[in-house]
Amino acid sequence: MTLPVQLLWLIPALPLLVAGIGALTRHRGVALAAIFAMAGSFALSCLALAGALQDPSVHATYNFAWFDLGHGALRLGFLLDPLTALMTTMVTFVGTLIFIFSLGYMKEDKNFSRFFCFLSLFAAAMLGLLVANSLLLLFVCWELVGLASYLLIGFWFHKPSAAAAAKKAFITTRIGDLGFLLGLLWLADSTGSLLFYDGGQGVLEATALASLSGQTLACGLALSTAIGLLIFCGAVGKSGQFPLHVWLPDAMEGPTPVSALIHAATMVAAGVFLVARVYPLMSADALLAAVPVHALTVVAFIGAITALMGALIACAQNDIKRILAFSTVSQLGYMMLALGVGSSTAAIFHLLTHAFFKALLFLGAGSVIHAAHHEQDIRQLGGLRTKMKVTFATFAIGMMALSGVPFLFSGFWSKEAILHAAHEWDVSHLPLYAGLCAVVLTAFYMTRLVAETFFGKPRSHGAEHAHENSAVMTAPLVILAVCAVLLGFLGTPYWPWLQKTLDPHYEATHGGLGLMLLSIGLVGAGLGLGWALYGRKLRTTAAARDPLDTAAPAVMAVLADRLGFDELYAATVGRLNSATAAFADFLDRYVIGGLVTFLAQLGIFSGGVNRQVDEANLNGGFDAVSESVRGSGLFYSRKQTGETHGYLRVVAVAFVLLALVLALGGVR
Amino acid sequence: MNLLPYTIYLSFVGALLALVAGMKSAAAARAVALLTAVSAWGVALYAAFGFTPSSELLTLVNVPWIPQLGINYHLAADGISLTLLVLTGLAATCGVLFSWNIEERTGEFFAFYLALIGGVYGVFLSADAFVFFVFYEIAIVPKYFLIANWGSTNRQYGAMKLALYSFAGSALVLAGLLWIYSTGYASNFGLDQLAQGAATLSHTGQITVFALIFTGFAVLAGMFPFHTWAPTGHVAAPTGASMLLAGVVMKLGAYGCLRVAMPLLPAGLEFWQPVIAGLAVAGILYAGLVALVQDDFKFVIGYSSVSHMGFVLLGLAAANPSAVAGAVLQMFSHGVIAGLLFAVVGRMVYERTHTRQLDELKKLPLHRLLPFAAVVFVIAGLASMGMPGFSGFPAELTILVGVWNYSATLGVLAALGVFIAAAFTLRAIQVSFFGQAGADAAAHTPDAAHDHPLSPITWPEKTGAFLLLAATLLIGLKPDLLLNWIVPSLQSPLMKVIFHGGAR
Amino acid sequence: MTPLHLCLLISTALFCIGLFGALARSNTILVLLGIELMLNAANINFIAFWRYGPSHGAANGMIFVLFSIAVAAAEAAVGLALIIAVYRHQKNIRLQEATVLKG
C-alpha cells in the first residue's frame, strides 16, 4: 500500500487542521490531537516512502493551477521522490517524539494549548515545504515556517530577551528571504514557470537548465549562477550560515522542545533541503569553464567557514543550549560544504542523522534544564550522571554521534561521507581542512559539555535537587538514541543504500582509508583533549575559572602532576584555541552584529531624514500655498468695513465714473 | 447584475433615512446605517454570484442626462468594478460596525457616511466620464465634514488639507477631460467616445492631457510626492472614516487612473511610464522608511498605507496583464488590511487608552488588557507585511512578477519595500502591544489590569474584525475568486490598449 | 427748452438731492428717504421718455413705473423693519454705528 502523489497534501493537512482547532479553543486536549495528527502524518509519510522507494528515479508530481497571473496560470504542485519521502518521514517521526516530550516539558505552562497550536502550525508549514513541487509553494511554506518560528521563539514574550530574539530571528532570516524572493521572481521571469518537475517543462529539467546556464549576464556570471546564488541567500538565512547565523543562538530563548524541533532538527535544515532540491539548478553551471565563479563553489566556502567558526565559538560558551546552538551552526555548515563540493547525498545523509542526534541532545538538555529548575549554565550544573541515569546515557550517545566516534554511531558515517566528498573535490582542499579542524573542535567541546554537566559534584541548588523526569520525557530520548545509532548503517560505504536511493547513479567510492583513519585520529584527539582539560580534573565550584580561560593555574597544575610535554602542549594549544574562539565570538558580536546594527541605524536615520523632508518641504509647500490664499482673503475682508456710507460712496463714485465713461466714450 | 445601480440609490436613500432616524435616537440611526450598508453589500454580492467573467463592459443603465452636451447617465460594470464594489460593501459594513460608538450627532454622521459610500459606488459603476466625475466629487465632500466634525487630532487641518488636495486633483482631471472633449471632437462623454476623441489629439497633446488626468487621480491614490494628505487625513479622521479613506477612497484615485487615464491616452501612458513607476517605487520605499520612525501609532499605519498604494501604482505603471491584475487585487487587499489596521488602532486602542503615542502605549500591558485587539493586530500586521496565506501575498507577488518583466531593477527595489514593511510592522507590534513585556512588568503585572481598566471589546467590533479577517484569508488562499473576474476584464476593447503602449 | 428737457432737469435735481441725503445723513430713516427720492427720479425719467420720447406705443413707461413703485413700497417695508431691528439692538438708528458686519 502506498500513498499516491495526489494525496500527498494530507501529510501537511493533518497538523494544519490541529493548528486551526488550536486557534479556536484553549482545551488541553489540543496537545493529544496534535500528537495523533503528527503520528498520522508519520504513517502517511511511511506509505509515501514505500511508494517512492519502488522506483527511486521517478519524480512523481501532481500539479494544479492556483490563480491566474494575467498572462497564464500560476501553478503549484506536489512532488514525491525519495528526497521528499525521506525528509517527511524524518520530520514527522522526530516531530512526534518532540511533541510527546513537550507534554511533559510544558505541563505547567498556562498557554499549553497555544504551544501545541503553534507547534502544529510549524509542522504543517515544514511538511508543506517538503512536499512542494513549486518554488513558490516552497517559498510560501518557507515564510510560514519563519512565522511559526517567530511565534515559538517569542512564546515566552514576557521575557524581553525572548521578544528581542524572536524579532531578530524574523528580520535576519527575512534578509535572506529577500534574496530568495528575488531569485524566485527572476526565475519566473526567465522560464515562465516555477514548477520543479513538469513533464519536461519544469525549471529543474533539462530544457530550462540549458537555457538558464546558456545565458550570460553583464558581470560574466551565468544566469543560472545568479539565480542559484539568490536562492541560496534564503538558505543562508534559514540555516544560520555565515554571515547570517547570528539569530540562531539567540533563538534558544524559546522553550527547549522548540529548539530541538525547529532550531536543530528540521527548520534550520530546510535551507540545506532547499539547496538539495534545486541542486540541478545550482550545478547547471558546473560545465561552464569561462565563468568567474560557480554557484556551488560559493556554497562550499560558506559552508566551510560556517563549520569552522561555529565549532570555535561553541568552545567558548557556557550555556548548555548555546553550545548546542553553535554546534548546530557548525553542523549545518558541514551539510552546505557537502552540497558545495558536489555530494548532495552526503549532505542529506548528514541532515538525517544530525536531525536525530541533535534532537536527542536538545531534548536531553531540556530534560536536564527541566530537572534542574531551569538552570542552563554548565558551570552551575554537574553531577547529574547518577541522578539522571537515562538522560545521561542517551545524552552520551548523542554526544558520541555528534563527535563522530567511529563505527557504532551514525554521525561518524555521515561525516565520513562529507569528508570524502570534500577530499575528492578538485577545486580546492581548503574546505576539507576546515572540516577536519571542526572535527577536532566538535569532539572537544562536546566532551567539555558532558564533563561539566554530568560529572563532578552538583554546584547549585537546582542541580542538587535534580531527579530523573517522567517516562513521557525519557521515552522519546531512548527512541531517538536508538535511531542515532542505527541510522548510520543506512549509508556506510559498504552498503550505501541511502545514497543509491537518493541518487540512482551513485557509485560507491572505495579507498580513502587514510582519510578515515586521519579523521578517527582527530576525533580521538578532540575527545582526549577535552577529557584532559575537563574530565580529569573536575570542576568543584561554579565560580572556579575555566582552565582554558585563565592559563596559569591550569598550566601549573598540569605541570605539577603530569610532568608531560603533551599536556603542556594541550594547554598552549587550548589557550590558542580559546583565544581564537574568543576572537571569533568578538567578530560575531561586534563586527557582524555591528554591521547589522549599523545598517539598521542607517535605515532609521534615512527614515528620519525623509520624515523631516516630508514635514518641512513637501508639507511646507502645501502650507505656503494655503497660507497665501488665506492671506489674500484676509486682505479683502479688511476692505469690508461695515460702514454703509462708505459703500454708498463707492457706489456713487462708480456711478459717476460709469456715466463719464459712457458720456465721453460716445456710446451711440 | 442589473441590480447593481441600486447600491448607489440604496446608499443615498439610506443617508436620508439615517438623518431622519438620527432625530429620534442614535440607535435608530445606527440600525438604518447598518441595514443600508449590509443591503448594498448584499446587492453587490448577489450580482457577484451571478456574474460570468467576460471581457465585456456590461451596460446597466444608459439614458440621456444632458443631451445638449452629450452627457449620458451611463452605468456599466465589469470584473474590475465588481471587485471594488464588493470591497466597498465590505468596508462600508465594517466601517459602520466600528463607528457604533459615535454618540454625538449620530444621524448626521451616518448620513455623511452613507452619502460618501453612495458616491464611491457611483464612481465604480460609471461608464461616462462626466458621471464619473460627478460621483467623484460627491464622494469628496462628505469626507471633509466627517473629518472636520467627528475627527480627532488636528482635525480642521487634516480635513481641509484632504479636501484641498482632492479638489486640486479633480480640477486637473476636469481640465483634462474637457480638453479631450473639446479639442478631440468627442461626440459625448462616454469613455469609449472620449477614447476615440483622444486618439485624434496630437502626440504632445495626448502626453500633456495624460499628465493632467493621471496626476489628478494619483493625488487621491497617494502617489509620492502628493501623498502628504494621506497620513494627516487618516490620523485626523474618525475610525469609520479612516477605514473608508484607506479602504475605498484611495482606491477611487487608482481606479480613475486605471479606468480613465490609462485607456483613454495609451500614448501618454507609454511616455510617462518610467516616471510613474519611479515615483511609485520611491513612494514604497520612502513611506516605508518614514513609517519606521513615527511616534504616533496611526501615522505608522497611515504611511504604511501610502507604501502599499505605491504597489498599486507600480502595478499600473508596469502596464502588463499580471502587473495590472495584481494592482487591482492589491487594491482589494489593501482596502481590507488597512481597514483592519485602522480599526484596531483607532477604535480598539485609541478610544480606550486615549493615546496613540507609541511611547505611552509601550507602558501599558496592552496584550493583556486587550488580548483580542492584540491578536487581530498581529494577524493584520502579518497580512500587511505580505505573509503568505493572506491577500497581500498573491497581490504583491503578482505585481512583482509583472514588474520584473517590465524592469528588474524596479522589481528589486519594490521587493526591498516588502522587507521594510516587515521591519516597521514588527516594530509597531512589539512596541504597542508587547511593549510592557519588559522585566519590570513581572513586578507589578498582577494588578496592572486593575490600574488601567479598559472597557472590553464589543460585539460590533468583533463582528467587523472577523469579517475583514475572513476576507483577507479567503482571498489569500483563493485569489482566483477575484482574479477570475479581473483578468478577463483587462481584455476588453477599452482596457487592452494599455498593454500595447499606444497601439490601437 | 422742450418739456422733455424740463422733466430731465427736475429728475436730475431730485436724484442729486436724494444722493446727497443718502450719503450725508446719519439717521437711517433719512438715508432711506434719500434712496426713495433717487428711485422716484428714475420714475420721472421713465414717464418723461414715454410721454415725450421717440416711441409712443403701448404703456411701457407706465408699467415700469408701476412695478418700480411696488418694489419701492416693498423696499421701504423691509428697510423700516431692518431699522426697527437695528434700533432694538443698538438703541439708536445711527448708520455709522451699525458696523457689526465688518470683515
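The values are calculated or read from the model by the stated rules, or taken from the named source; none is laboratory data. As the structure is a computational prediction, the values presented were derived from the model and not from experiment. Note that we place each Cβ from the backbone using ideal geometry, even for glycine, and neighbour counts take in every protein chain shown. Remember, those area values only see protein heavy atoms, side chains included, never the ligands or the DNA or RNA. Shrake-Rupley method; radii C 1.70, N 1.55, O 1.52, S 1.80 Å.
Per-structure values
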| quantity | calculated |
| --- | --- |
| Single unsatisfied condition, A:Met282 versus (1) more than 30 Å from A:Val368 (Cα to Cα); (2) under 19 Å from the mean Cα position of the chain (by Cα); (3) modelled with pLDDT under 85 | (2) |
| Of residues in the range B:441-460 being at pLDDT below 60 and not in a helix (DSSP H, G or I), the one least open to solvent (accessible area, probe 1.4 Å) | B:Thr445 |
| Verdict on B:Val275 being crowded, with 24+ Cβ neighbours inside 10 Å and of a type in the set (Val, Ile, Thr) | no |
| The lone exception for A:Thr386 - which of (1) among the β-branched types (Val, Ile, Thr); (2) open to solvent by 20 Å² or more (accessible area, probe 1.4 Å); (3) modelled with pLDDT of 80 or more it fails | (3) |
| Pairs where the first residue, in the range C:82-95, is in a loop (DSSP other than H, G, I, E, B) and the second is open to solvent by less than 100 Å² (accessible area, probe 1.4 Å), C-beta under 9 Å, 6+ apart | C:Asn92/C:Val86; C:Ile93/C:Ser26; C:Ile93/C:Asn27; C:Ile93/C:Thr28; C:Ile93/C:Ile29; C:Ile93/C:Ile83; C:Ile93/C:Ile84; C:Ile93/C:Val86 |
| Qualifying residue in the range B:160-168 (condition: within 22 Å of B:Gly233 (Cα to Cα) and part of a loop (DSSP other than H, G, I, E, B)) | no |
| Matching helices (runs of 4 or more DSSP H) fully within the range A:393-495 where at least 1 residues are buried (at least 24 other Cβ atoms within 10 Å of the Cβ) and modelled with pLDDT of 80 or more | A:410-424, A:430-454, A:471-486 |
| Long-range neighbours under 9 Å by Cβ, at least six apart or interchain, first residue closer than 14 Å to A:Asp377 by Cα within the range A:451-471, second basic (Lys, Arg) and open to solvent by less than 10 Å² (accessible area, probe 1.4 Å) | none |
| Residue in the range B:398-440 that is nearest to A:Ala188 (Cα to Cα), counting only those that are of a type in the set (S, T, N, Q) and modelled with pLDDT of 80 or more | B:Asn405 |
| Where B:Leu220 falls short, out of the listed (1) within 20 Å of B:Val134 (Cα to Cα); (2) surrounded by fewer than 24 Cβ atoms within 10 Å (Cβ to Cβ); (3) modelled with pLDDT of 85 or more | (2) |
| Matching residues, the range B:281-332, being buried (at least 24 other Cβ atoms within 10 Å of the Cβ), farther than 24 Å from B:Val401 by Cα and more than 10 Å from every other protein chain (Cβ to nearest Cβ) | B:Phe297, B:Lys298, B:Val300, B:Ile301, B:Gly302 |
| Filter pass, C:Glu36 being out of contact with any Asp or Glu (no Cβ under 7 Å at 6 or more places or on another chain), among the acidic types (Asp, Glu) and open to solvent by 60 Å² or more (accessible area, probe 1.4 Å) | no |
| Conditions (1) open to solvent by less than 30 Å² (accessible area, probe 1.4 Å); (2) more than 10 Å from chain B (Cβ to nearest Cβ); (3) more than 19 Å from the chain's Cα centre (by Cα); number of the one not met by A:Gly183 | (3) |
| Criterion: over 22 Å from A:Ala438 (Cα atoms) and either in contact (Cβ under 8 Å) with a residue 60 or more places away in the chain or among the polar types (S, T, N, Q) (or both) - qualifying residue of A:Asp285, A:Asp319 | A:Asp285 |
| Complete set of residues in the range B:208-242 that are over 18 Å from B:Tyr113 (Cβ atoms), more than 14 Å from chain A (Cβ to nearest Cβ) and in a helix (DSSP H, G or I) | B:Thr208, B:Val209, B:Phe210, B:Ala211, B:Leu212, B:Ile213, B:Phe214, B:Thr215, B:Gly216, B:Phe217, B:Ala218, B:Leu220 |
| Selected residue (criterion: nearest to the chain's Cα centre (by Cα)) from residues of the range A:49-83 that are open to solvent by less than 30 Å² (accessible area, probe 1.4 Å) and in contact (Cβ under 8 Å) with a residue 60 or more places away in the chain | A:Leu83 |
| Enumeration of residues in the range A:164-180 that are more than 9 Å from chain B (Cβ to nearest Cβ) and open to solvent by 30 Å² or more (accessible area, probe 1.4 Å) | A:Lys168 |
| Residue count for the range A:237-255, restricted to those that are open to solvent by less than 10 Å² (accessible area, probe 1.4 Å) and under 16 Å from the mean Cα position of the chain (by Cα) | 11 |
| Matching residues, the range A:189-227, being within 12 Å of chain B (Cβ to nearest Cβ) and under 25 Å from the mean Cα position of the chain (by Cα) | A:Leu194, A:Ala226, A:Ile227 |
| Residues being of a type in the set (Gly, Ala, Ser) and at pLDDT 85 or above - total across the range A:78-121 | 3 |
| Test for C:Leu80: is it within 12 Å of another protein chain (Cβ to nearest Cβ), of a type outside the set (D, E, K, R) and under 10 Å from C:Thr28 (Cβ atoms) | no |
| Residue, nearest to the other protein chains (Cβ to nearest Cβ), within the range A:101-114, restricted to residues that are of a type in the set (A, V, I, L, M, F, W, C) and surrounded by fewer than 24 Cβ atoms within 10 Å (Cβ to Cβ) | A:Phe112 |
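A quick yes/no check of all residues on (1) open to solvent by 40 Å² or more (accessible area, probe 1.4 Å); (2) more than 28 Å from A:Gly646 (Cβ to Cβ); (3) in contact (Cβ under 8 Å) with a residue 40 or more places away in the chain:
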position: C:Leu8; (1), (2), (3): yes, yes, yes
position: C:Phe15; (1), (2), (3): yes, no, no
position: C:Leu19; (1), (2), (3): yes, no, no
position: C:Ala24; (1), (2), (3): yes, no, no
position: C:Asn40; (1), (2), (3): yes, no, no
position: C:Asn43; (1), (2), (3): no, no, no
position: C:Phe46; (1), (2), (3): yes, yes, no
position: C:Trp50; (1), (2), (3): yes, yes, no
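The rows are residues; the columns are (1) at pLDDT 90 or above; (2) open to solvent by 30 Å² or more (accessible area, probe 1.4 Å); (3) within 27 Å of B:Val324 (Cα to Cα).
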{"site": "B:Ile80", "(1), (2), (3)": "no, no, yes"}
{"site": "B:Glu108", "(1), (2), (3)": "no, yes, no"}
{"site": "B:Gly119", "(1), (2), (3)": "yes, no, yes"}
{"site": "B:Phe130", "(1), (2), (3)": "no, yes, yes"}
{"site": "B:Ile140", "(1), (2), (3)": "no, no, yes"}
